[in-house]
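Read through the structure below, which is laid out as structure tokens, and then see the notes.
The values are calculated or read from the model by the stated rules, or taken from the named source; none is laboratory data. Every value quoted in this text rests on a predicted model; they were computed, and no experiment measured them. For neighbour counting, all protein chains shown are included, and Cβ atoms are generated from backbone atoms with ideal geometry for every residue, glycine included.
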There are 2 protein chains.
Amino acid sequence: MRFLPTALVLSCLAAAAGLPAEVSAQSSRPAVSSIADAYGEAARRLIDAALADSAAYKRLTQLTDRFGHRFSGSDNLERALDWILAEMESDGLENVRGEPVLVPHWVRGSESLELISPRRQALPMLGLGGSVGTSPEGVRAELLVVRSFDELEARSHEAKGKIVLLNAPFVSYGETVTYRVQGAIAAARAGAVASLIRSVTPFSLRTPHTGQMLYDPWAPQIPHAAIAVEDAEMLQRMQERGERIEVLLKMDAQTLPDVWSRNVVGEIVGWQHPEQVVVTGGHIDSWDLGTGAMDDGGGSVAAWEAVRLMRDLGLRPRRTVRVVLWTNEENGLRGALAYRDAHLDELDDHILAIESDAGVFKPRGFGFTGSAAAYEIVREIGTLLEAIGADDVRRGGGGADIGPIMRKGVPGMGLRVDGDKYFWYHHTEADTIDKLDPREMAECVAAMAVMAYVVADLPERLPR
Amino acid sequence: MRFLPTALVLSCLAAAAGLPAEVSAQSSRPAVSSIADAYGEAARRLIDAALADSAAYKRLTQLTDRFGHRFSGSDNLERALDWILAEMESDGLENVRGEPVLVPHWVRGSESLELISPRRQALPMLGLGGSVGTSPEGVRAELLVVRSFDELEARSHEAKGKIVLLNAPFVSYGETVTYRVQGAIAAARAGAVASLIRSVTPFSLRTPHTGQMLYDPWAPQIPHAAIAVEDAEMLQRMQERGERIEVLLKMDAQTLPDVWSRNVVGEIVGWQHPEQVVVTGGHIDSWDLGTGAMDDGGGSVAAWEAVRLMRDLGLRPRRTVRVVLWTNEENGLRGALAYRDAHLDELDDHILAIESDAGVFKPRGFGFTGSAAAYEIVREIGTLLEAIGADDVRRGGGGADIGPIMRKGVPGMGLRVDGDKYFWYHHTEADTIDKLDPREMAECVAAMAVMAYVVADLPERLPR
């Protein structure tokens, strides 16, 4: 990492010259002494424009109403991408294109879980992404409930031939999601014929949550599904009372051959350093239920709208600002990997990548991963967002889609929001537009716009 | 109504004599000056016993885990009643019995709603109780969305041959439920072929809510179902954008011949006035989804446990305390009507009826319907519940199951609780034990026990 003292960067700002007519905000000012001074007016214009209406919310509403979910491999997704490409063109973005990505094509099919003993009852469930299916007659077996991987290991002699339910209470997403991702591996190693997890959520209205899971090449592939918190706890109690529990799991899930999808890209080309790029985006794919309004239609549209606002306001920065709507984040990350590979030669000129994938709730600032010198700069840019309370730029942050290019050295940044209820809706049927607020979403647009624009326009490139 | 001044009642208390050995709490005191003095120790004993453990919550857990929902006409319900009768016997309650009630037998069958145009998508739904079904191929028709009965009337010329969606936002349950109950009548009168409502709830995770509905003998019977708030709003937006909306509704619902169920009754017979009765209870039936833990397994078990505690503590009151678990509140109120009819000759000696059907959340007090003189007395009894914050006894209140006997002159009372989230779970799959708290439920037991015991034991009967 190279370090560049903040003072040096700031002195460079004072030397800024040759601003194009479009960037009138700064050019009419005297020699500037800080980023806040230099970009105060541009920031105000972007914020005012973002908050002037509910354009972003309306666009997201249209996207979600019109196409429904946008799951990798679905027609929904590709038709949504066609629409976005056309809209970006009509917005006047430049170099609008779909960059091809080969994505997995997992299909859920019909699925069900029935409690057979001690009494019969249908249990709401969702197969987990990538799971194999069952035979048409299903897997009928006794159930073993465990609270943790440790307990599964301790009771592995009881697991053979059974269906294992991993009933791990929600601690944090990062911790508890391990049961979703790794649960089938652990259960298969213990000899289970299928595995269930308690949905990864702190709140439930009998709501199953789907999500991606993995197999281990050295363990059998067994069907893996999520049930509601309520039922996981009920089954736990039944086991604790010594009742014999039997369930019947049916899943038609299968993985079809990969299909082509696209990362959607649109730009405002930099007037001075067109080859230098600030990337801002979210992932445009969703799970196959709900409409992916929060995860991550909102982040995608916020990033897109941020760039559209620059265009509408005539704010063309020194460097290129590129909105990227990655495909297939949810069950493959193939869009992120394809972007990295397609732009491998350009990554040294990727100045910053900003992702929004935590829901477009009330924004609080950003999390930044990069050098200390760069952090000082982006933190100062953050002060331009005080008016909307989004000025808290912290160390550490990024996003799944920018992860692959961050690992190649590109500084990364994630939009930070009030996420209290994010995991109530995450990967469920309830991820719909009504969970978001037009004003909060507009503030996210403002935050993304100001950060992306200023970093792209700084006289000196953000140090690595 | 006869009015009896509080002072007179209190003077009667001082004259209380001949207390049986079981009621040692009061008998060891000097001449009493108030209800609070006379019953302070008994109240403390009941409260302490209720809060000593999670017995009520455990009993409710067992009920709900073991039998699932308890819908009228189901085997589940009758097996649950058998179990309760046996448990009440082993608790030592007296005159334990099931009083026969003929109940409706509506069966949901399989059901689905699919959006066909402008795009295809399955929409979560629940048929409403009592609705007719569709033909096997379903009803496929254009959709008309309205916000209110007024709008339906104004646009009735557009409704003919269509499916009408009544998308009325939640104002209060009492107000908004009209659309569920009367929606099919209004839609049929306008010529609609089926009707849908937005579920009656202030919060949704794409959660449909069922409930009872009515037909008008002078209007055609059309299928009537509830959809999630999220989808109702989406369909509203589609209509506002001028899109043609078409849906396919399939419902196998049918009403089978009435079947026998039971009101479950158990007592502690009064030592002085066995013919005078204080009734306390809830309804033991539920809808056919979830496990009816909140509505109203909780109220039923709380009332039952209140009486069991009196029995366990040897607190036999002057009058009979009778727990009644009414059947078929949800879709017929037949249990309440049958109770009234079976006990018509005894209603003059029904001193008070106390119902818990608002969820056994944190109790705050009671709502009382009766004379001013009686109100003064029950309000004073309420002060005995200060320790658990359930001392706020207000005017007005009762319950659906005690409604028929209240209309015959029996003073009525409903347990008041913190009900913020009641309608999040109401009539959904999410009405499960985990929504309740053991401590709060124990406090409900305490409140019911103290109120029922003291009213049953007062030297003078509660004035009408």
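Listed here are the residues, each with its yes/no results for (1) aromatic (Phe, Trp, Tyr); (2) buried (at least 18 other Cβ atoms within 10 Å of the Cβ); (3) closer than 21 Å to B:Ala336 by Cβ.
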site	(1), (2), (3)
B:Asp37	no, no, no
B:Ala49	no, yes, no
B:Asp53	no, no, no
B:Leu85	no, yes, yes
B:Gly109	no, no, no
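Scanning segment B:80-135 for residues that are more than 30 Å from B:Val269 (Cα to Cα), within 14 Å of chain A (Cβ to nearest Cβ) and among the aliphatic types (A, V, I, L, M) yields B:Leu113, B:Leu115, B:Ile116, B:Ala122, B:Leu123, B:Met125, B:Leu126. The number of residues in segment B:405-423 being surrounded by 20 or more Cβ atoms within 10 Å (Cβ to Cβ) and assigned to a helix (DSSP H, G or I) comes to 3. When segment A:410-451 is filtered for residues that are within 11 Å of chain B (Cβ to nearest Cβ) and either among the hydroxyl-bearing types (Ser, Thr, Tyr) or under 28 Å from A:Asp48 (Cβ atoms) (or both), the ones remaining, listed by number, are A:Tyr425, A:Thr428, A:Thr432, A:Ile433, A:Asp434, A:Lys435.
Scanning segment A:217-243 for residues that are more than 14 Å from chain B (Cβ to nearest Cβ), surrounded by fewer than 20 Cβ atoms within 10 Å (Cβ to Cβ) and modelled with pLDDT of 95 or more yields A:Pro220, A:Gln221. Restrict the check to segment A:197-212 and report whether at least one residue is touching a Gly at 6+ places or on another chain (Cβ under 8 Å), over 30 Å from A:Ala338 (Cβ atoms) and within 14 Å of chain B (Cβ to nearest Cβ). The answer is yes, given that some residue of segment A:197-212 is touching a Gly at 6+ places or on another chain (Cβ under 8 Å), over 30 Å from A:Ala338 (Cβ atoms) and within 14 Å of chain B (Cβ to nearest Cβ). Does at least one position in segment A:44-53 carry a residue that is at pLDDT 50 or above, within 14 Å of chain B (Cβ to nearest Cβ) and under 28 Å from the mean Cα position of the chain (by Cα)? Taking every residue of segment A:44-53 in turn, none turns out to be at pLDDT 50 or above, within 14 Å of chain B (Cβ to nearest Cβ) and under 28 Å from the mean Cα position of the chain (by Cα). Number of residues in segment B:233-264 that are more than 28 Å from B:Leu333 (Cβ to Cβ) and not in a strand (DSSP E or B) equals 13. Inside segment B:244-264, residues that are of a type in the set (Val, Ile, Thr), more than 27 Å from B:Glu114 (Cα to Cα) and buried (at least 24 other Cβ atoms within 10 Å of the Cβ) make up a count of 1.
Considering segment B:431-451, and only residues there that are of a type outside the set (Val, Ile, Thr) and either more than 18 Å from B:Glu386 (Cβ to Cβ) or not assigned by TED's automatic domain parsing to the domain that holds B:Val360 (or both), the residue that is surrounded by the fewest Cβ atoms within 10 Å (Cβ to Cβ) turns out to be B:Asp437. When B:Asp312, B:Asp296, B:Asp288 are checked against the criterion of being closer than 30 Å to A:Met234 by Cα, within 14 Å of chain A (Cβ to nearest Cβ) and among the acidic types (Asp, Glu), B:Asp288 stands alone in meeting it.
Look at (1) away from chain B (no Cβ under 14 Å); (2) crowded, with 16+ Cβ neighbours inside 10 Å and you find that A:Glu275 fails only one, number (2).
For segment A:335-351, a residue qualifies if it is over 29 Å from A:Asp434 (Cα atoms) and either touching a Phe, Trp or Tyr at 6+ places or on another chain (Cβ under 9 Å) or of a type in the set (S, T, N, Q) (or both), and the qualifying residues are A:Ala338, A:Tyr339.
Taking every residue in segment A:142-160 that is closer than 20 Å to A:Asp231 by Cβ and pairing it with any residue that is of a type in the set (S, T, N, Q), at least 6 positions away or on another chain, the pairs with Cβ-Cβ distances below 7 Å are A:Val145/A:Asn167; A:Val145/A:Gln236; A:Val145/A:Gln239; A:Val146/A:Asn167; A:Arg147/A:Asn167. Scanning segment B:131-161 for residues that are of a type in the set (Val, Ile, Thr) and not in a strand (DSSP E or B) yields B:Val132, B:Thr134. Summed over segment B:270-318, residues that are more than 18 Å from B:Trp83 (Cβ to Cβ) and part of a loop (DSSP other than H, G, I, E, B) total 13.
Residues that are free of Cβ contacts under 8 Å to residues at least 60 places away in the same chain and either in a loop (DSSP other than H, G, I, E, B) or surrounded by fewer than 21 Cβ atoms within 10 Å (Cβ to Cβ) (or both) within segment A:59-78 comprise A:Gln62, A:Arg66, A:Asp75, listed in sequence order. When we screen B:Ala446, B:Ala442 for residues that are in contact with a helix residue (DSSP H, G or I) (Cβ under 8 Å, 6 or more places away or on another chain), under 22 Å from B:Gly270 (Cα atoms) and either free of Cβ contacts under 8 Å to residues at least 60 places away in the same chain or assigned to a helix (DSSP H, G or I) (or both), the only hit is B:Ala446. The single condition among (1) of a type in the set (Lys, Arg); (2) part of a strand (DSSP E or B); (3) free of Cβ contacts under 8 Å to residues at least 12 places away in the same chain that A:Arg322 does not satisfy is (3). Please verify whether segment B:385-395 includes one or more residues that are on the phi > 0 side of the Ramachandran plot, in a loop (DSSP other than H, G, I, E, B) and either aliphatic (A, V, I, L, M) or not assigned by TED's automatic domain parsing to the domain that holds B:Gly211 (or both). For segment B:385-395, residues on the phi > 0 side of the Ramachandran plot, in a loop (DSSP other than H, G, I, E, B) and either aliphatic (A, V, I, L, M) or not assigned by TED's automatic domain parsing to the domain that holds B:Gly211 (or both): present.
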